[in-house]
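Below: the structure, in structure tokens.
The values are calculated or read from the model by the stated rules, or taken from the named source; none is laboratory data. Since the structure is predicted, the reported quantities are computational estimates derived from the model, not experimental observations. Cβ placement follows ideal geometry from the backbone for every residue including glycine, while neighbour counts extend to all protein chains displayed.
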Amino acid sequence: MENTLIIVSIIGGIIGTITGVIGLTFTVISNKRNAQEKAEERERHAQEMERQKKETERTNRLMFLADRIFDPTIPRDLRLPFYEEYLSMGGNGTAVKFWLIEGEREKKAAHGT
């Protein structure tokens, strides 16, 4: 009887050890997967932040250029580089329309005098 109890205890110990090793293995695999997913998420977040930063810089530069284009205190020929950069950055809309209308007005004024 004692031998049976010892054998059952040994088998139970072996099964417990195997179960513990398997559980530990699954935990390690799960932790690695979670760490990898977190690293990938951080990378995606960093890329998104960089994209947003570049877009904000571009928007701020376009606003600066548009302000210079609309500034009547700066002679038109000195505003030309701002207008050209504005166009090269894909700017369009009101600033471009203003520039073209202002140019037409100056041509009419020069021909009218």
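Before moving on, here are some points about what is shown:
- Contact map, the stretch 88-113: residues that are on the phi > 0 side of the Ramachandran plot and loosely packed, with under 10 Cβ neighbours inside 10 Å paired with residues that are among the polar types (S, T, N, Q) and modelled with pLDDT of 85 or more, Cβ distance under 9 Å, separation 6+ or inter-chain. No pairs are found.
- Residue list for the stretch 73-95, filter: assigned to a helix (DSSP H, G or I) and either of a type in the set (A, V, I, L, M, F, W, C) or within 16 Å of T59 (Cβ to Cβ) (or both): L78, L80, F82, E85, Y86, L87, S88, T94, A95
- Top-ranked residue in the stretch 16-71 [being of a type in the set (V, I, T) and under 26 Å from L87 (Cβ atoms); ranked as nearest to the chain's Cα centre (by Cα)]: T56
- Put simply, of A46, A110 the only residue that is part of a helix (DSSP H, G or I), modelled with pLDDT of 95 or more and of a type in the set (A, V, I, L, M, F, W, C) is A46.
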